[in-house]
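The values are calculated or read from the model by the stated rules, or taken from the named source; none is laboratory data. What you see is a predicted model, and the numbers here were worked out from it, not measured in a lab. As a convention, Cβ positions derive from the backbone with ideal geometry for all residues, glycine included, and neighbour counts pool all protein chains shown. For the accessible areas, the whole protein counts, side chains as well, though only heavy atoms, and no ligand, DNA or RNA atoms are used. Shrake-Rupley method; radii C 1.70, N 1.55, O 1.52, S 1.80 Å.
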Amino acid sequence: ELLDRLQGMHRAIETSGYASTDVFQSVLDRVELVYFDIKMMDSQKHREYTGVLNDKILKNAAILKQSDTPFIIRIPLIPGVNDNYENLHAAADFLKGSSRMIRVEILPYNKMAGAKYTMLGMKYEPGIDEARQPMANMAQKIFEGYGIPVKVL
């Protein structure tokens with residue numbers, strides 16, 4: 001409803017893509033730009049780390065790739081989780097040839113996430129090696145190798 005009220009303005013959304021295809025298509029038809037996060041290509045690993053399978057996400061990403069709506073893919077790199085050759089090559093292979101994709105944005109892991117937990121009086125235990133530097137440069141080279149515009153943020 002809000003997107004319809006904003007008709008005539010440039011409308012953009014940022015989404016994980018975890019929605020029914022009907023809802024995703026309805027929103028897609030109302031925006032001029034989509035920021036779409038892809039965390040993990042392997043469905044079982046996605047479930048292990050996020051609690052849900054990525055079937056809906058990848059189906060909606062495929063719909064986005066076939067649409068006329070410009071989009072940017074964002075990949076947050078988590079050290080030891082999704083910053084590996086297998087995942088990044090799978091993502092690049094999935095995304096190659098997307099004519100309306102503006103670029104892929106690589107988001108190196110942000111250690112500041114733990115500060116939010118402290119403010120809430122909670123203990124931050126991410127279960128990853130935060131000292132390990134995510135492989136942002138490797139990720140950039142992989143996407144460039146597929147001819148995909150990429151930017152490390």
Handout entry: Arg11 being farther than 18 Å from Tyr109 by Cα and of a type in the set (Lys, Arg)
Key = yes
Exercise for the section: Inspect segment 91-100 for any residue being modelled with pLDDT of 90 or more and at positive phi and give the result as yes or no. Expected result: yes
Fill in the blank from the handout: Flagged pairs (Cβ under 8 angstrom, 6 or more apart or on separate chains; first in segment 65-83, over 13 Å from Met40 (Cβ atoms) and aromatic (Phe, Trp, Tyr); second open to solvent by 30 Å² or more (accessible area, probe 1.4 Å) and in a strand (DSSP E or B)) are Phe71/Tyr35; Phe71/Ile102
Practice task
Tell me the helices (runs of 4 or more DSSP H) entirely within segment 1-76 that contain at least 1 residues that are open to solvent by less than 30 Å² (accessible area, probe 1.4 Å) and modelled with pLDDT of 95 or more.
Solution key: 21-28, 43-50, 55-66
Practice task
For Asp4, work out the one condition from (1) over 28 Å from Gly147 (Cβ atoms); (2) under 15 Å from the mean Cα position of the chain (by Cα) it doesn't fulfil.
Solution key: (2)
Practice task
Determine whether segment 127-135 contains at least one residue that is modelled with pLDDT of 90 or more, part of a loop (DSSP other than H, G, I, E, B) and surrounded by 12 or more Cβ atoms within 10 Å (Cβ to Cβ).
Solution key: no
Handout entry: Conditions (1) touching a His at 6+ places or on another chain (Cβ under 6 Å); (2) at positive phi: number failed by Asn54
Key = (2)
Problem - Inter-residue pairs, beta-carbon under 7 Å, first over 18 Å from Gln66 (Cβ atoms) and in segment 84-111, second surrounded by 15 or more Cβ atoms within 10 Å (Cβ to Cβ) and among the basic types (Lys, Arg), 6+ apart - result: Glu105/Arg74; Leu107/Arg74
